[in-house]
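Each remark here refers to the structure printed beneath this line.
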Number of protein chains: 2
Amino acid sequence: MHTPHVRPASTVGPEMYEPTARLGLLAEGKFHPRSAKTAFGILRHAPNPVVAVIDHTQAGKNARDLSGIAHRDVPVVATVEEAITLGMEVMVIGIAPRGGLLPESWRQMIITCLSNGVDVAAGLHTFLNDDPTFAEIAERHGRRMYDVRRPPHGIGVATGACRDLAGKRIVLTVGTDCAVGKKHVAIAVAEELRRRGVRATWVPTGQTGIFIAGWGIAIDNVLSDFTAGAAELLVLEAAKEADVILVEGQGALLHPGYSGVTLSLIHGAMPTDFLFCHASSPVAIEPEYGITPPSMTEMIALHEHVVRHTRPAKVRGIAVNTSTAGDAEARAQCDALAAETRLPVTDVIRYGAGPLAEALM
Amino acid sequence: MHTPHVRPASTVGPEMYEPTARLGLLAEGKFHPRSAKTAFGILRHAPNPVVAVIDHTQAGKNARDLSGIAHRDVPVVATVEEAITLGMEVMVIGIAPRGGLLPESWRQMIITCLSNGVDVAAGLHTFLNDDPTFAEIAERHGRRMYDVRRPPHGIGVATGACRDLAGKRIVLTVGTDCAVGKKHVAIAVAEELRRRGVRATWVPTGQTGIFIAGWGIAIDNVLSDFTAGAAELLVLEAAKEADVILVEGQGALLHPGYSGVTLSLIHGAMPTDFLFCHASSPVAIEPEYGITPPSMTEMIALHEHVVRHTRPAKVRGIAVNTSTAGDAEARAQCDALAAETRLPVTDVIRYGAGPLAEALM
């Protein structure tokens, strides 16, 4: 099932390690799908070999068993030193600390890496390269620190240029909430389309996507004046080599914290089509913001309304993340949404991305 | 007519000069309403005395005649030196250079100020304080540089807290485009409500608003992840001293470059009501983006749809900027919109803010 993603030779994005670099994934105390999204995304999709996951609370287990990602036979170890022994060349910080501040124990792990021939990569809001201590140690030992969330210079205000990409299909994954699988669906549908002979690619718009694809811009870390411009830049870049461009969605139009990121992405990318992503268990807007999500029919109507006057786009299919449901329940959830919306509905992990790829051909 | 705005003792925002500081406004070659929005906003609304406008192409004229702002008898001069002679204590850069880079002649003007006892204030994307040359000269001469667009530290992701402000009315000015008068309407309606005995205030969300009010955050210069959070912080601050809070709008929901800023503001501020702002001559989305603006009825429907599931809000009135129209035409435009929408419609400069204030009482 696993087809490693081929990295394009893109100039848009931060400096990145090679797709052959052997990674260790720091997920200290948090190697779970929700809290270590970046580690899980890398395990599932990145071309890089992974030599170890570092989480002393689960040391001795195997990442394959803990994640269910079949092609990753990776030991979970307790210490950075063990990961170095296993051949780690780059340590990737696979979790995000609350408030963006690094715990003291992580700082020591980063210093251990830099002092022992290992580069460090992170997608934090604050940049490793801006830390004087890290910078001095990296300089002294000739090591590199990759800050994948640092946006490139020279991003401007969006110009609407993606509307002029004649013959290109721009497909944005949107969602009922954050963390419902928008990145995964973009990747899976692009891969499925390529298997069917379509010149398709996907556009990374967040830190994990950049770790996977080796290029991209974390648009949530761009000044709001230029966020749509960043999305536009990415789509224009991807359009050079593809006819169907799957754009990784961010946030959600109904998530009060991140809706502006979502709308910037919509107006920067100027999609021709949407794929809707949904998780069958509550994620953030309901428990954290007290928002009652409307029906899927209304969700779709809202998204199509928002783009009606700039570039009309239709929702072509729905991807449901049924990971918390049993087989019968998962099938019933998909069938109910299909009956309600008359759209193709699938769980791309459980049933594959075929129905969504077909809807775009 | 002019009632100077009283600055609140707010701690939210950049370091600012005093409301009594004597200003000179740099508008070199561009002292026109469109290109010197900041200079015009300060002349119209700021409490500070203004001793000179600097624009050598219009030297010898009077800012009152050029701007139509009756209470500002201000000479336009050719040089910084003349403004210093007239008593300038702070030079405010009242125009924004394309691409954010300062022309060499402006750099020299800033250095002349700093070397001759004059502080400098700017709302540029790049900060004066980050320029090593300026920083060194300011340090040597004991001068200050005010970067009003620099956001405060510690802005977080929006939490939806403004929905919990019991008994407060939060009124956001939204618009059919950028530069249609959203700030001016917020200020004018807040003033009109205060005249009628309501505890009303307004919230500055952009650089000109900060120059006027002496506090605020330029939300377009905040990372997109935190833009709604910045808007929330401002409204919570204003709610400490007011029952009706007029929030200065930014961008436009149909402006592809800035729509994300607009939606962040909507979901951060969680308005209870909207006031709609419109200019009767085309501004940006039509000529620059090729977007055909829908009818006002549809514009209103779109805005009310976007907030239906987070916090429902209604449009209560419309402000038209008829500055390019004659008297009869202006009246006809307002009457036509009132007939179409059955809402109160006014031009707050031509006819006053009364109808909008009444709609909120």
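Couple of notes before you dig in:
- Of all residues in the range A:267-284, none are over 23 Å from the mean Cα position of the chain (by Cα) and closer than 25 Å to B:Asp177 by Cα.
- Looking across the range A:219-249 at every residue that is part of a loop (DSSP other than H, G, I, E, B) and in contact with a strand residue (DSSP E or B) (Cβ under 9 Å, 6 or more places away or on another chain), the one that is nearest to the other protein chains (Cβ to nearest Cβ) is identified as A:Val222.
- Residue in the range A:142-165 that is in contact with a helix residue (DSSP H, G or I) (Cβ under 6 Å, 6 or more places away or on another chain) and free of Cβ contacts under 8 Å to residues at least 60 places away in the same chain present: yes
- For beta carbons closer than 7 Å, sequence separation of 6+ or different chains, a first residue in the range A:308-322 that is not assigned by TED's automatic domain parsing to the domain that holds A:Ala353 and a second that is open to solvent by 10 Å² or more (accessible area, probe 1.4 Å), there are no qualifying pairs.
- If you go through the range A:131-142 and keep only what is charged (D, E, K, R) and open to solvent by 80 Å² or more (accessible area, probe 1.4 Å), you end up with A:Glu136, A:Glu139, A:Arg140.
- Contacts under 6 angstrom Cβ, first residue in the range B:55-69 being under 15 Å from B:Ile42 (Cα atoms), partner open to solvent by less than 30 Å² (accessible area, probe 1.4 Å) and in a loop (DSSP other than H, G, I, E, B), 6 or more apart: B:Ala63/B:Arg72; B:Ala63/B:Val74; B:Arg64/B:Arg72
- Some residue of the range B:218-229 being open to solvent by 10 Å² or more (accessible area, probe 1.4 Å) and either farther than 14 Å from A:Asp220 by Cα or assigned by TED's automatic domain parsing to the domain that holds B:Arg34 (or both): no
- Options A:Gly268, A:Gly317; residue that is within 11 Å of chain B (Cβ to nearest Cβ), crowded, with 19+ Cβ neighbours inside 10 Å and outside any loop (DSSP other than H, G, I, E, B): A:Gly268
- Looking across the range B:143-166 at every residue that is at pLDDT below 95 and of a type in the set (Gly, Ala, Ser), the one that is least open to solvent (accessible area, probe 1.4 Å) is identified as B:Gly156.
- Taken over the range B:107-130, the criterion of being over 15 Å from B:His141 (Cα atoms) and among the charged types (D, E, K, R) is satisfied by B:Arg107, B:Asp130.
- Picking from residues in the range A:280-313 that are surrounded by 14 or more Cβ atoms within 10 Å (Cβ to Cβ), more than 12 Å from chain B (Cβ to nearest Cβ) and modelled with pLDDT of 95 or more, the one that is farthest from B:Leu253 (Cα to Cα) is A:Met296.
- Complete set of residues in the range A:320-342 that are part of a strand (DSSP E or B) and open to solvent by 10 Å² or more (accessible area, probe 1.4 Å): A:Asn321
- Residue in the range B:343-352 that is touching a residue at least 40 places away in the same chain (Cβ under 8 Å), buried (at least 18 other Cβ atoms within 10 Å of the Cβ), among the small types (Gly, Ala, Ser) and not assigned by TED's automatic domain parsing to the domain that holds B:Leu66 present: no
The values are calculated or read from the model by the stated rules, or taken from the named source; none is laboratory data. In this text the structure is predicted, and so the values were computed from the model without any measurement. So basically every Cβ, Gly included, is an ideal-geometry build from the backbone, and we count neighbours across all protein chains shown. Only protein heavy atoms, including side chains, enter the accessible area calculation; ligands, DNA and RNA are left aside. Shrake-Rupley method; radii C 1.70, N 1.55, O 1.52, S 1.80 Å.
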